[in-house]
Amino acid sequence: KIIRINSSHKNYEVLFIDDIYKLFKDLINEGRFLVIDSKIYTIYFKEYIDSTLIDKQVFLIDAEEQNKNIESSQQLIQSLVANGVKRSSKIIAIGGGITQDIVCFTASILFRGISWIFIPTTLLAQADSCIGGKSSINFKNVKNLIGTFYPPDKIYIDLIFLNSLTADDIKSGIGEIYHYYLYSASRLIQDFHLKRDQFFSNRSLLLPFIYESLSIKKKVIEIDEFDRGERRKFNYGHTFGHAIETLTNYQINHGQAVSIGMDLANFLSYKLRILSKEDYLSMKTFLKLNFPNFQFSDFQIDAYCQLLQKDKKNVNANLTCILSRGVGKLEVYEMELNHENQSLISEYFSTE
Ligand code: NAD
Ligand code: ZN
């Protein structure tokens, strides 16, 4: 199975494979530079790499949010340059969204752009972030403040990697996939609901759902690559979710925070009378499964609203967010963060 993406930068493709070790051996033998998530290295590749190649041809990244910064990129550039990287070299990134962001950013600025290939290892990266070409780097505690658009040449997806993910990582990916389905009213929604429990024990069942999620995203990024129109609707759950991630110091992962964010967006849509109670509750039934342990009672609403106010997508004093009129009916909404609306946000967190 292949998904081809047209982009103004270059066209690229996603290939679904099931023989990662063959590909890996070829890449090593071709002398490619590899940047690998250190956990992935330990679990999957340690015995396949001559240890003398570490820090020469193979570089390891500790995938932690605190490391997704300019310093990591600078260090990577230093290592690559010290080992003879050229304008014509290719860098291979193997890992989740953090590895992707660091390598994508680095590849986009080194020699004003050097080609790279991505092998995503988390459900979130396979079903969402691997396409779209964005890199996002944190700066002085502000998440994703710096970034570039710079797609890889190729993406290889092998579901083997999903086997070592925690249940929370799977929930994170489920949240992100569901967000695409709620955007597009995908015909797979019912099946996704039905199979949800089985994903945790049989991860290969996720294949058609990953394919669908990427296909939905592909259609939109091809018409709005740079986030100026339709693609902004993908921020559904994200504006509210990012602020939860930041406030909890990333104790909650991205897709789980986005699930709460979508539920909050739906709650506000219902309170603002654009979404029926029935639709709100029916989406909630599924969304809630993604954040069973979130401590709503400890949540600091004031600090939360202040964070929302600072969101980079805001215009004037309003909060630019995505609300829902139902499945497949999202809209960009300018919400005043006045007393009334802050009370509604407060109500959401206190009644959960
Ligand atoms: P991650 O890269 O943050 O990794 C999470 C943890 O899982 C790490 O400890 C990592 O070592 C580990 N891990 C990775 N793959 C594994 C596997 N197969 N088995 C076991 N452990 C594994 O994971 P993520 O959730 O994919 O990425 C989140 C990051 O991606 C955030 O920083 C977010 O901002 C970013 N993101 C970027 C985009 C984009 O378009 N550039 C989109 C969405 C999210
Ligand atoms: Zn996301």
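Coordinate-derived values only; no laboratory data. It should be emphasised that the depicted structure is a prediction, and the values quoted were computed from it without experimental measurement. Cβ atoms come from the backbone with ideal geometry, glycine included; neighbour counts cover every protein chain shown.
Would you mind checking the tilt of helix 20-29 against the longest principal axis of the Cα atoms of the chain, expressed as 0 to 90 degrees and rounded to 10? Long axis of 20-29 versus the principal axis of the chain: about 40 degrees. Once R0 is set to 22 Å, what does the formula 1/(1 + (r/R0)^6) return for the Cβ-Cβ distance between Asn318 and Lys284, expressed as a FRET efficiency to the nearest 0.05? The computed FRET efficiency comes out at 0.30. For the range 14-90, the list of trypsin sites (Lys or Arg not before Pro) that fall in a loop by DSSP and count at most 14 other C-beta atoms within 10 angstrom reads Lys56, Lys86, Arg87. Under the combined filter of DSSP loop state and at most 11 neighbouring Cβ atoms within 10 Å, the range 148-235 retains these trypsin sites (Lys or Arg not before Pro): Arg187, Arg228.
Rounded to the nearest 10 degrees, the inclination of helix 70-82 to the longest alpha-carbon principal axis of the chain is 10 degrees.
With a ≥ b ≥ c taken as the square roots of the eigenvalues of the C-alpha gyration tensor of the range 295-352, please select rounded if a/c is under 1.5 and otherwise prolate if a/b is larger than b/c or oblate if it is not? Verdict is oblate for the range 295-352. Just so you know, the Cα atoms of the range 1-87 work out to an Rg and Dmax of 15.0, 40 Å.
Computed over the chain, relative contact order equals 14 percent, with contacts defined as Cα pairs under 8 Å that lie 6+ residues apart. About its Cα centre, the dipole of the range 198-287 is roughly 140 debye, where the only charges are +1 on Lys and Arg Cβ and -1 on Asp and Glu Cβ. Counting only alpha carbon atoms, the long axis of helix 207-223 and the longest principal axis of the chain meet at about 80°.
Note on the chain: helix-only mean residue ellipticity at 222 nm, from DSSP H runs of 4+ residues weighted -39500 (n - 2.57) and normalised by residue number, equals -13000 deg cm²/dmol. Taking a straight Cα-Cα cut-off under 20 Å and skipping sequence neighbours fewer than 8 places away in the same chain, the lysines within cross-link reach of Lys310 are Lys140, Lys143, Lys233.
For the range 12-142, the relative contact order comes to 26 percent (Cα pairs under 8 Å, sequence separation of at least 6). Seen from all directions on average, the chain presents a Cα convex hull projection of 17.0 nm².
Modelled spin labels at Leu344 and Ile146, positioned 7 Å past Cα toward Cβ, are 3.7 nm from each other.
Residues His9, His254, His339, His242, arranged from fewest to most other Cβ atoms within 10 angstrom of their Cβ, appear as His339, His9, His242, His254. Within the range 226-270, the chymotrypsin sites (Phe, Trp or Tyr not before Pro) that combine a DSSP coil assignment with at most 15 other C-beta atoms in a 10 angstrom radius are Phe226, Tyr250.
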